[in-house]
Amino acid sequence: MSQEVRGIIARAKGEPVSMETIVIPDPGPGEVVVTIQACGVCHTDLHYREGGINDEFPFLLGHEAAGTVETIGAGVTHVAVGDYVILNWRAVCGECRACKRGEAQYCFNTHNAEQKMTLEDGTELSPALGIGAFCEKTLVHEGQCTKVDPSAPATAAGLLGCGVMAGLGAAMNTGGVTRGQSVAVFGCGGVGDAAIAGARLAGASTIIAVDIDDTKLEWAKGFGATHTCNSKTTDPVEFIQSVTDGNGADVCIEAIGHPEVYRQCFEARDLAGTVVLVGVPNPQMTIELPFIEVFGRGGALKSSWYGDCLPERDFPMLIDLYLQGRLDLDGFVSETIGLGDVEEAFHKMERGEVLRSVVVL
């Protein structure tokens, strides 16, 4: 029997979000209903509201969440009722060419629930990243649920569902940061600070935070930055070279998604160094690089999608590190809010006032 819950909807491009009644169907084969405990307000949700992802309105927003499995559909074996889970948007299929060659982090056919959640009038909803978690309950594929230690509060655990995992993985997985390396992170919002935390976990000895906001640079220090550079007043390429013996950083991580910043990353890396793009550009952006420098510097230019993570591998490990006191997930939580506060949380995000607002249900 279907049930009705409250959720946050984006009905049209650029319009304020609204709280409405959402109809959740009983889970079908391979599907589960999850009771949401907490969900972070991620910039991707704002992209959806602004029409920056696609135009399949109305959207049921929210995706960076943790909660408990309430009901399961036929054939579900991955999780059981009562399991505490982080939701993920990489439910690998196991059958595509990426999965079959052992690179499931690039799965081309990730699973989502087959059934649609709707409004009361039957209008079908597009759940953000196949999840839709600004809602008291949501319907997802069983593979979108990753079971973790329930000792971790949902306000912290849910952040691994998107932004924090993207940043941690950009350093640890895509960038392959190792002990003693130098790392520069451009953009010190939630994703960038997570990249800094990931670089510290991986053993980087020099971690340089670059931003145009001194408040954000202070936040970056708390996650492990050893040096900070305000690129409004200081050339970041020259600064990074000055603290790396003139060489540049081994790994430069771009956490903004802007061509000019990417170019700075490219110029600030050491010979044979790595550039990692984890910031999301808009479709109209282009970039031009001196081709001889692409050749002459060697190394690698990489993009990081969801931090090249495998939720089943990475989420439990990172929760363990959190419970050991080695990963400060709580530090990303600027405030906890209610469902009705999501629109204002978007404005705080745009003004750069928060790392993460987290909806608590």
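The values are calculated or read from the model by the stated rules, or taken from the named source; none is laboratory data. Keep in mind the model is a prediction, meaning the values are calculated, not measured. Here Cβ is always computed from backbone atoms with ideal geometry, including for glycine, and neighbour counts include all displayed protein chains. These area figures cover heavy atoms from the full protein model, side chains too; ligands, DNA and RNA do not enter into them. Shrake-Rupley method; radii C 1.70, N 1.55, O 1.52, S 1.80 Å.
Kindly evaluate Thr77 against the criterion of being crowded, with 24+ Cβ neighbours inside 10 Å and polar (S, T, N, Q). No; evaluated as a whole, the condition is false for this residue.
Just checking, which of Ala184, Ala194, Ala170, Ala133 is within 30 Å of Ile72 (Cα to Cα) and of a type in the set (Gly, Ala, Ser)? Among Ala184, Ala194, Ala170, Ala133, only Ala133 is within 30 Å of Ile72 (Cα to Cα) and of a type in the set (Gly, Ala, Ser).
The criterion of being closer than 30 Å to Pro150 by Cα and surrounded by 15 or more Cβ atoms within 10 Å (Cβ to Cβ) does not hold for Leu301. If you scan the range 30-55, which residues turn out to be assigned to a loop (DSSP other than H, G, I, E, B) and touching a helix residue (DSSP H, G or I) at 6+ places or on another chain (Cβ under 6 Å)? Passing the criteria: Gly30, Val41, Cys42, Ile53. Residues in the range 230-271 that are in contact with a Lys or Arg (Cβ under 7 Å, 6 or more places away or on another chain) and either aliphatic (A, V, I, L, M) or open to solvent by 30 Å² or more (accessible area, probe 1.4 Å) (or both): Ala249, Leu271.
So which residues in the range 1-29 are assigned to a loop (DSSP other than H, G, I, E, B) and touching a Gly at 6+ places or on another chain (Cβ under 8 Å), if there are any at all? Correct list: Lys13, Gly14, Asp26, Pro27, Gly28, Pro29. Within the range 320-361, if we keep just the residues that are assigned to a loop (DSSP other than H, G, I, E, B) and open to solvent by less than 30 Å² (accessible area, probe 1.4 Å), the residue that is farthest from His47 (Cα to Cα) turns out to be Leu327. Pairs linking a residue in the range 40-68 that is touching a residue at least 24 places away in the same chain (Cβ under 8 Å) and of a type in the set (S, T, N, Q) to a residue that is open to solvent by 10 Å² or more (accessible area, probe 1.4 Å) and assigned to a helix (DSSP H, G or I), with Cβ atoms under 8 Å and 6 or more positions apart or on different chains, are Thr44/Leu129. Would you pick out the residues in the range 37-71 that are surrounded by fewer than 21 Cβ atoms within 10 Å (Cβ to Cβ) and among the hydrophobic types (A, V, I, L, M, F, W, C)? Those that are surrounded by fewer than 21 Cβ atoms within 10 Å (Cβ to Cβ) and among the hydrophobic types (A, V, I, L, M, F, W, C): Leu46, Ile53, Phe57. Across the range 126-147, not a single residue is classified as open to solvent by 50 Å² or more (accessible area, probe 1.4 Å), touching a strand residue (DSSP E or B) at 6+ places or on another chain (Cβ under 9 Å), of a type in the set (Val, Ile, Thr) and on the phi < 0 side of the Ramachandran plot.
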